[in-house]
1. Only one of THR237, THR241, THR201 is open to solvent by 50 Å² or more (accessible area, probe 1.4 Å) and closer than 27 Å to SER308 by Cβ; which?
2. If you scan segment 44-99, which residues turn out to be assigned to a helix (DSSP H, G or I), more than 22 Å from the chain's Cα centre (by Cα) and of a type in the set (Gly, Ala, Ser)?
3. Kindly provide the set of residues from segment 141-177 that are of a type in the set (Ser, Thr, Tyr) and open to solvent by 30 Å² or more (accessible area, probe 1.4 Å), ordered by number.
4. Given the residues ALA182, ALA219, which is the only one that is open to solvent by less than 50 Å² (accessible area, probe 1.4 Å) and closer than 21 Å to VAL103 by Cα?
5. Just checking, how many residues over segment 131-140 are open to solvent by 10 Å² or more (accessible area, probe 1.4 Å) and out of contact with any Ser or Thr (no Cβ under 8 Å at 6 or more places or on another chain)?
6. Residues THR141, THR156: which one is in contact with a helix residue (DSSP H, G or I) (Cβ under 6 Å, 6 or more places away or on another chain) and closer than 19 Å to LEU65 by Cα?
7. If the Cβ limit is 6 Å and pairs must be 6+ apart or interchain, which residue in segment 2-25 that is open to solvent by less than 60 Å² (accessible area, probe 1.4 Å) pairs with which residue that is at pLDDT 90 or above and of a type in the set (Lys, Arg)?
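The values are calculated or read from the model by the stated rules, or taken from the named source; none is laboratory data. Just so it is clear, the model here is predicted, and its values are computed rather than measured. Don't worry about glycine lacking a Cβ; one is built from the backbone with ideal geometry, like all the others, and counts go over all protein chains shown. For accessibility, only protein heavy atoms count, side chains too; no ligands or nucleic acids. Shrake-Rupley method; radii C 1.70, N 1.55, O 1.52, S 1.80 Å.
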Amino acid sequence: MSTGPLERLIALDPKTSSEERREVLREVTDSFIVAPDRYGRRHMALFDLLLSRTANAMDLRLKKLIVLTLIRAGARDEHVKLALLKVPSANERLLRRSVLQTVKDIQTFLEENADVAENELPESLSLDDGNSVQLPSAILTWMFHYQLTVYRDALTPKIGVDRVGLMERTAKRFREQIIKHASESGRDELVVARRTIADWTRRQSMTEQVLTELLEARAMTEFVLAASAMFDIDPATMIRTVNDTSFQSLAILMKSNNIRRATFAKVISGFQDRRTDHDVSETVLPLYDRLMPESAERAIRFLRVRVSDLAGGHEDPALAEAS
């Protein structure tokens, strides 16, 4: 019977050749690696959190404008409810695997999935004018048009071309205000959360209980930042870790920090509402019991050297395995 990377890590024999150990450690840590432009650049450290929070704020603002426009145009209640509740958010496709895509890849995705005339775009759009708490202007503008395109295409068969055309024209008139509001909302949420976690860290009040309480409260920005601080790992890698639907990456990270089984189980439970997470706990909890802290620590050391190498260092991953 074939075994997965975590099972092979658990079964790894210290007497195994160094080449075979490195192969297992590399396979185990592949599930932690994110897009290369997230490494070694301070302004990119929070990019994925910022992208998510800004996209969600923009989606909410745009949806409210669409609903208001339809109401003023005399749309029936069922059409308004359709726009408000039934059309899936465009962000699911955008954010699903964002940590694995470079900024240029994300920009390409937006351009390929947004229907906008060239003369409707501002003349100066750049991927280089963002900073640690604001997305580049090109991402912001194309994100708006991507979300609007998704809503237009979803609503046209239900409410007709005329009303969708009115909706689209109205949204484009308010484009700059929507982008500005979303950008400020994303920035403010991130800044407040970062200050909160930094304060808790200084006070040494970051505990396993705090981590689970954040998850139970669905304070996901704070949860990612808190876990990043507690486990000394960058936020993009933390996002990739919790998005591993097998939870095996999370098992390695938490066991390497000697997190109690009960806490690990609570964290898993906190994600059980995701469609892909049902019944996973029955598989991963026994593996968590079998995984030795020393093996998990070895894997995380190997990961840190891989990250250092991707960020521009020159260490040999074999050193991490041997340490």
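1. THR201
2. ALA83
3. THR156
4. Sole residue among the options that is open to solvent by less than 50 Å² (accessible area, probe 1.4 Å) and closer than 21 Å to VAL103 by Cα: ALA182.
5. Counting residues in segment 131-140 that are open to solvent by 10 Å² or more (accessible area, probe 1.4 Å) and out of contact with any Ser or Thr (no Cβ under 8 Å at 6 or more places or on another chain) gives 3.
6. Selected residue: THR156, the only one of THR141, THR156 that is in contact with a helix residue (DSSP H, G or I) (Cβ under 6 Å, 6 or more places away or on another chain) and closer than 19 Å to LEU65 by Cα.
7. Listed by first residue and then by second, the contacts come to ILE10/ARG290; VAL24/ARG8.
To keep it simple, each residue is scored yes or no on (1) open to solvent by 50 Å² or more (accessible area, probe 1.4 Å); (2) assigned by the TED database to the domain that holds ILE179; (3) closer than 15 Å to VAL150 by Cα; (4) touching a Ser or Thr at 6+ places or on another chain (Cβ under 6 Å).
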{"residue": "SER52", "(1), (2), (3), (4)": "no, yes, no, no"}
{"residue": "ASN56", "(1), (2), (3), (4)": "yes, yes, yes, no"}
{"residue": "ARG61", "(1), (2), (3), (4)": "yes, yes, yes, no"}
{"residue": "VAL87", "(1), (2), (3), (4)": "no, yes, yes, no"}
{"residue": "GLN101", "(1), (2), (3), (4)": "yes, yes, no, no"}
{"residue": "LYS104", "(1), (2), (3), (4)": "yes, yes, no, no"}
{"residue": "LEU127", "(1), (2), (3), (4)": "yes, yes, no, no"}
